[in-house]
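Notes follow the structure.
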Amino acid sequence: MHLKPSPRAISLYYFGIFAVLGVYLPLFPSWLEGRGVRGLAMGAIAATLPAMGLVAPPVFGLIADALGVRVWLIRAACAGALAVFALLALSSALDVSLGFGGLFAAALAFAFFRAPMFTMADVVALETSLTSGIAYGRLRLWGSISFALMAIVSGALIDPARPAAFPVAIAAALLVAFALSWALPAGDEAPLQRLGKRGGAQGVEGAARAAAAAGGSVRERAGALLRSRDFRLFLAASFLAQSANSSYDLCYTLHLRDVGFPEPLVGVAWAVGVAGEIALMAFSGPLLQRFAPPVALAVAFAGASLRWALLSQVRFWPALLALQPLHAVSFAMMWVASLAYTRDRAPPQILATAQGLFSASAGAGSVIGMLTWGELYKRGGGALTFGVASITAAIAFVLAVTFARSTRRSLSGSSIFSAGSQCQE
């Protein structure tokens, strides 16, 4: 597949889809509560997002690689998510009560369409970085900027107690994201042709030639990748690291409250973390040119372990604020190095599949973490929760060192800027 370099289009699309999350994540629980959904029912609906992250990315990755499509899948996903929230907005405006079943179905459908919106964006960004010479992190950082801005703006302007305000805002953001998806480079994608019968479309012939050049079908190449010891260790390390990171998502604000952190500065603490994330992504290109992705991953996991260990012990609130730039290491470095490793390790013909496997592994870690940290915090507060998270990240560090040594060739982060990057089995 030949994608025309369009880094500006990728950055704008990231800005659009993360604007959706900037409204959705902070306000969705309050909106559900306003609809009478509380307790276990709220948890079940909220869990659809990470739960679908276990299933949808690998499925859509296989579809994308088998049909040779990326951007058309993104457009279809944006359209599907937009339809879900347009119906929610309409039902809310007409004061039609959907009940638990209707809200659960809507949340599940949104989670299903959300997966390719984000996973395929990462695939397109990685492929575009090959031809543009612009690091993935510099494209992705606009998503972080958008999320932070929209979280602040939506919190100030949108009242979740008003039934239609939240779904209308999400639908509007999805409409913008859908419009921006048409600026993405579709290259020579021809999904309708590739779905045609054998011998009836040129797309099938192109797919066959690509499979032959790759040394096998998409399924065979994916199976070979999964049988590689280093890639399995990478997935296991990603699972553990993301599980540890979810302790921050779920318990950080509670921990700040319990140690006496000034309430007006809680938002500032989160913003400092996001600022560190943005800064690292902006300079991720030179970083990954200097250090191979497995080495960067090992550093990220070690930094995460240190961060959670310090967080479990520190009580002085200015020191807690000073620890927040470590978010650049524990999350941003982990994410960009993981994608660089996936891009280097997987053949181009199964990049979307490999990315889907990584996303599913990280999603599984988030789900297990969300089910664990709340109970640990209830029993032992931040000291126990972040102490266990530190040990979990340390195990991920050990696995990272192991798979770095077992990788069968020397991976260089600079290869994400080179069209000659190949996978050697």
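Calculated accessible area for region 45-151 comes out at 35 Å² per residue, all protein chains present (probe 1.4 Å; ligands, DNA, RNA ignored). In this simple spin-label model, placing a label point 7 Å from the Cα along the Cα-to-Cβ direction at both Ala271 and Phe316 gives a separation of 2.5 nm.
Hey, got the dipole for region 15-155? About the Cα centre, +1 on K and R Cβ, -1 on D and E Cβ, debye to the nearest 20? Roughly 100 debye for region 15-155. Placing a pseudo-label 7 Å from each Cα along the Cα-to-Cβ vector at Ile391 and Asp159 gives an inter-label distance of 4.8 nm. 3J(HN,Hα) along region 141-154, derived from phi through the Karplus expression 6.51 cos²θ - 1.76 cosθ + 1.60 where θ = phi - 60°, amounts to 4, 5, x, 5, 4, 4, 4, 4, 5, 5, 4, 5, 5, 5 Hz, with x in place of Gly and Pro. Given the choices [x] 130; [y] 219; [z] 285, volume of the Cα convex hull per residue in Å³ derived from the coordinates of this structure is entry [x]. Accessible area ranking (1.4 Å probe, heavy atoms, ligands and nucleic acids excluded), largest first, for Val398, Val84: Val398, Val84. Taking all protein chains into account, the per residue accessible area for region 236-347 stands at 36 Å² (1.4 Å probe).
One chain, two ends: Val96 and Ala282. Fully extended at 0.36 nm per residue, the span grows by 62.4 nm beyond their Cα-Cα distance. For region 64-136, a/c is not less than 1.5, where a ≥ b ≥ c are the root eigenvalues of the C-alpha gyration tensor, and a/b tops b/c. That puts it in the prolate class.
By a 1.4 Å probe calculation restricted to protein chains, Arg138 has an accessible surface near 140 Å², given to the nearest 10. Structure remark: mean-square fluctuation, Gaussian network model of the chain, C-alpha springs under 10 Å; the largest value among Ile74, Ile152, Ile278 belongs to Ile152. Convex hull volume per residue, computed on the Cα atoms of region 6-132, equals 105 Å³. Given the options Gly369, Thr48, Ala135, identify the residue whose Cα lies farthest towards the positive end of the charge dipole of the chain (+1 on Cβ of Lys, Arg; -1 on Cβ of Asp, Glu). Most positive-ward Cα: Ala135. Here the Gaussian network model covers the chain, with springs between Cα atoms less than 10 Å apart; of Val124, Val96, Val329, Val96 fluctuates the most. Taking only protein heavy atoms and a 1.4 Å probe, the accessible area of the chain is 67% carbon and sulfur.
Measuring r between the beta carbons of Val259 and Thr131 and using R0 = 45 Å, the FRET efficiency lands at 0.40. From helices alone, the chain scores -26500 deg cm²/dmol at 222 nm; the rule is -39500 (n - 2.57) for each run of n ≥ 4 DSSP H residues, then divide by the residue total.
The values are calculated or read from the model by the stated rules, or taken from the named source; none is laboratory data. Note that the structure is a prediction, hence the values are computed from the model and not measured. Ideal geometry is used to build each Cβ from the backbone, glycine not excepted, and the neighbour counts take in all protein chains shown. In case anyone asks, the SASA skips ligands and DNA or RNA and just uses the protein heavy atoms, side chains included. Shrake-Rupley method; radii C 1.70, N 1.55, O 1.52, S 1.80 Å.
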